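Participant: Below you will find the structure I want to go over with you.
Here, each number is a calculation from the coordinates, and none is a lab measurement. The structure presented is a predicted model; accordingly, all values stated were derived computationally and were not measured. Heads up, the Cβs are rebuilt from the backbone with ideal geometry, glycines too, and the neighbour counts pull from every protein chain shown.
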Amino acid sequence: MKLAKIHLMVASEGSPPPPDVLPVSEKILLPLEGPWGRAEPQVSPGHGVEAGAVVGRFRDPRLPSIRVSVAGSVEGIRTVNTVDGRKAQAVVVRPQGDATPGMETPAKADSPEALAEALTQAGFRETDLHPWPFPARICSPETAAKVFQLTDAPFHKPIKTLIINALDRQPGEMIRRTVLAHLGSFVAQAVPALKALSQAEEVILAYDRSAPPGDETLRALQGQGAECRAMDNIYPSALTPILVELVTGKQVPQPASDPRLVGVAVMDVVTAWQVGRFLADGTLPLDVVVQVSAWKAGFQACYRVPVGTPLAHVLDAAAVPERLSKIVVGGPLLGHAQFDREAPLQASDYIFLQDSSEVHTYNYRACINCGYCVPACPMRLLPNELGKYCEFGKFEDAEAHYLAHCIECGLCAYVCPANRPMVQLLRHGKQELLEMRKES
């Protein structure tokens, strides 16, 4: 495994300040489409809704419903641009009143089945994409079969290790250390329920050695049976396949990239915080933590906002002094550049801002075959060859050379002296292959 020390601005060591709670924006946008298909709207224009009401429901009951994050009135359903570059139908809500979070009485966690059903109904959203939503993907084989009717691979594999990932995913990010530092008590409260749901033999919380949580938080986590493991957060150690190997020594099979295949489940500390809060007092997971960073301006801050808040509302609140030339949601190495300031924020994420002096525009240059990207790739691929295959439309050749194994960490683009848009090329190839499969 190869990790890279990225010489970029990083969040300061130690405990960051707590996230600011922003006022509610003038509108909330709730996309009905996502990685598991399209939900059917459950409201019509003019309807009044309470915070936590279901506004979208999938035909498959195993998928989480879409809940509105604020009380208000439904303005309509229209097409919006999402932060990952897709178009989706979305319910538009005009908030009314304060931002009191929606509440629901969770089912008593007297059995893993009741717990799984309660968490599914709550409607958790995760930052990283997964083949199945939480909690289906982390439950034991017995619960997977009884509640979700999932018996095929990888659900037949028992979970031996549950990893709660509190490592920030890339340089400059501080979302997870912020949650652990200021909301860690809820994470500790979630541990017994997560252990019961997964039937894991061990629960390991991986945190950044340079920014340890307080002693009280560590004692609370250890008191609930979690092992707290300090780690050197060298990019891309927080990405799931790399993290699993660092913590357990097991390699996640590719291209499935599902750690259950080796008896491991991974969940984000942000989700663990929301689970603990929901089980403690019934608060639904209707708000997210977002970070805004502008390195040239020396600005960084974290905010808590309702799910569906437009990107522009957070940018206006940040009031970054420098003129912006580029907005990236997802961070400098994993994100997507934005062209629509109204794109809604659906999960905790990293908003990265650049001024004109920091932006590198793309001028076409062919691969110079220097090979710098090969030793940088943590998945041991040949990014130079994959990039050329995708550039010239040889997508099946790219697939044959393990394109699907790419975790899109961006290290190949970072070290490329020709400044080739490597991540964009490989993402393009994956999307074209997906469309080819649909057509066939």
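Participant: Efficiency by 1/(1 + (r/R0)^6): what FRET value for Asn419 and Glu342, r their Cβ-Cβ distance, R0 = 45 Å, to the nearest 0.05?
Facilitator: On the way: r = 30 Å, r/R0 = 0.67.
Given R0 = 45 Å and the Cβ-Cβ separation, E is 0.90.
Participant: Right, something else. Once you've got the GNM for the chain with C-alpha springs shorter than 10 Å, pick whichever of Cys370, Cys228, Cys390 has the biggest mean-square fluctuation.
Facilitator: Its mean-square fluctuation being the largest, the pick is Cys370.
Participant: Which is farthest toward the positive dipole end of the chain among Asn369, Leu333, Val275, measuring Cα position about the Cα centre, with Cβ charges +1 (Lys, Arg) and -1 (Asp, Glu)?
Facilitator: Comparing the listed Cα positions along the dipole, Asn369 ranks first.
Participant: Taking θ = phi - 60°, what integer Hz values does the Karplus form 6.51 cos²θ - 1.76 cosθ + 1.60 yield along the range 126-139, in sequence order, with x for Gly and Pro?
Facilitator: For the range 126-139, the Karplus-derived couplings read 10, 5, 7, 7, 9, x, 10, x, 6, x, 4, 6, 10, 7 Hz, x marking Gly and Pro.
Participant: A follow-up question, please. Work from the charge dipole of the chain (Cβ charges, +1 for Lys and Arg, -1 for Asp and Glu, about the Cα centre) and give the residue of Ala230, Leu381, Pro253 farthest towards its positive end.
Facilitator: Of the listed residues, the answer is Leu381.
Participant: Sum -39500 (n - 2.57) across every DSSP H segment of at least 4 residues in the chain, then divide by the residue count to get the 222 nm mean residue ellipticity, nearest 500.
Facilitator: It comes out at -8500 deg cm²/dmol, rounded to the nearest 500.
Participant: Work out how much length Gln121 to Glu202 would gain on full extension: take 0.36 nm times their residue separation and subtract the Cα-Cα distance, in nm to one decimal. The partial results should precede the final answer.
Facilitator: Working: separation 81, 0.36 × 81 = 29.16 nm, distance 2.62 nm.
Residue separation times 0.36 nm, minus the Cα-Cα distance, leaves 26.5 nm.
Participant: Here's another thing I want to ask about it. Using the crude model of +1 on Lys and Arg Cβ and -1 on Asp and Glu Cβ, and no other charge, please compute the dipole size for the range 20-95 relative to its Cα centre, in debye to 20. It would help to have the intermediate numbers written out before the result.
Facilitator: On the way: 10 positive and 8 negative charges, 53 e Å.
So the magnitude is around 260 debye.
Participant: Shape verdict for the range 94-180, please, from the Cα gyration tensor: rounded (a/c under 1.5), prolate (a/b greater than b/c) or oblate.
Facilitator: Values: a/c = 2.21, a/b = 1.23, b/c = 1.80.
Cα axes put the range 94-180 in the oblate bin.
Participant: Only Lys, Arg, Asp and Glu count, each charged at its Cβ (+1, +1, -1, -1), so figure out the dipole size of the chain about its Cα centre, rounded to 20 debye. Kindly include the intermediate steps, with their values, before the conclusion.
Facilitator: Details: 42 positive and 48 negative charges, 118 e Å.
Its charge dipole is roughly 560 debye.
Participant: Still on this structure, please answer the following. In the chain, which Cys residues have no partner Cys with a Cβ closer than 4.7 Å?
Facilitator: Cys139, Cys228, Cys302, Cys367, Cys370, Cys377, Cys390, Cys406, Cys409, Cys416
Participant: A further question follows. Mind listing which chymotrypsin sites (Phe, Trp or Tyr not before Pro) in the range 321-363 are in a DSSP loop and have 10 or fewer other Cβ atoms within 10 Å? Before the final figure, lay out each step's value.
Facilitator: Values: sites: Phe339, Tyr350, Phe352, Tyr362; in loops: Phe339, Tyr362.
Passing sites in the range 321-363 are Phe339, Tyr362.
Participant: Based on the alpha-carbon gyration tensor of the range 373-439 and its eigenvalue square roots a ≥ b ≥ c, which shape applies: rounded if a/c is under 1.5, prolate if not and a/b is larger than b/c, or oblate? Could you put the intermediate results ahead of the total?
Facilitator: Details: a/c = 2.04, a/b = 1.72, b/c = 1.18.
It is prolate, given that a/c is not under 1.5 and a/b is the larger ratio.
Participant: Farthest toward the dipole's positive end in the range 20-95, which of Ala88, Gly72, Val24, given Cβ charges of +1 (Lys, Arg) and -1 (Asp, Glu) about the Cα centre?
Facilitator: Working it through, the farthest residue towards the positive pole turns out to be Ala88.
Participant: Hey, got the dipole for the range 79-223? About the Cα centre, +1 on K and R Cβ, -1 on D and E Cβ, debye to the nearest 20?
Facilitator: On the way: 15 positive and 17 negative charges, 61 e Å.
Charge dipole, the range 79-223, about its Cα centre: 300 debye, nearest 20.
Participant: Note the listed values (i) 0.96; (ii) 1.40; (iii) 1.29, then indicate which one is Cα Rg over 2.2 N^0.38 Å calculated from this particular structure.
Facilitator: Matching the structure shown: (i).
Participant: Here's a follow-up. Write down, largest first, the equivalent ellipsoid semi-axes of the range 20-95 in whole Å, where each equals the square root of 5 times an eigenvalue of the alpha-carbon gyration tensor.
Facilitator: On the way: eigenvalues 73, 46, 31 Å².
Working through the eigenvalues yields semi-axes of 19, 15, 12 Å.
Participant: Would you mind calculating the gained length between Ser210 and Ala280 on full extension (0.36 nm times residue separation, minus the Cα-Cα distance), in nm to one decimal? Present the calculation step by step, with values, prior to reporting the outcome.
Facilitator: Numbers: separation 70, 0.36 × 70 = 25.20 nm, distance 2.97 nm.
Roughly 22.2 nm would be gained on extension.
Participant: Taking the Cβ-Cβ separation of Gln251 and Arg219 as r and a Förster radius of 25 Å, what is the calculated FRET efficiency to the nearest 0.05?
Facilitator: Values: r = 33 Å, r/R0 = 1.34.
After rounding, the FRET efficiency stands at 0.15.
Participant: What is the gain in length, in nm to one decimal, between Trp36 and Asp20 on full extension, counting 0.36 nm per residue of separation less the C-alpha to C-alpha distance?
Facilitator: Details: separation 16, 0.36 × 16 = 5.76 nm, distance 3.18 nm.
Value of the extension gain: 2.6 nm.
Participant: Right, something else. Where is the GNM fluctuation largest for the chain (alpha-carbon springs, 10 angstrom cutoff): Asp349, Asp287, Asp316?
Facilitator: Asp316
Participant: Say the cut-off is 20 Å between C-alpha atoms; which of Lys27/Lys87; Lys157/Lys195; Lys27/Lys296; Lys326/Lys388; Lys250/Lys430; Lys388/Lys430 go over it?
Facilitator: Values: Lys27/Lys87 18 Å; Lys157/Lys195 16 Å; Lys27/Lys296 30 Å; Lys326/Lys388 27 Å; Lys250/Lys430 26 Å; Lys388/Lys430 13 Å.
Flagged as over cut-off: Lys27/Lys296; Lys326/Lys388; Lys250/Lys430.
Participant: Under a plain spin-label model, where a point goes 7 Å from the Cα along Cα-to-Cβ, how far apart in nm are Arg78 and Ser111?
Facilitator: About 4.7 nm, to one decimal.
Participant: Roughly what would the spin-label model give for Glu435 and Arg323, points 7 Å off Cα along C-beta, in nm?
Facilitator: Each label point is offset 7 Å from its Cα along the Cβ direction, giving 3.5 nm.
Participant: With each pseudo-label sitting 7 Å past Cα toward Cβ, what's the Lys160-Lys394 distance in nm, one decimal?
Facilitator: Taking the two extended label points, one gets 4.1 nm.
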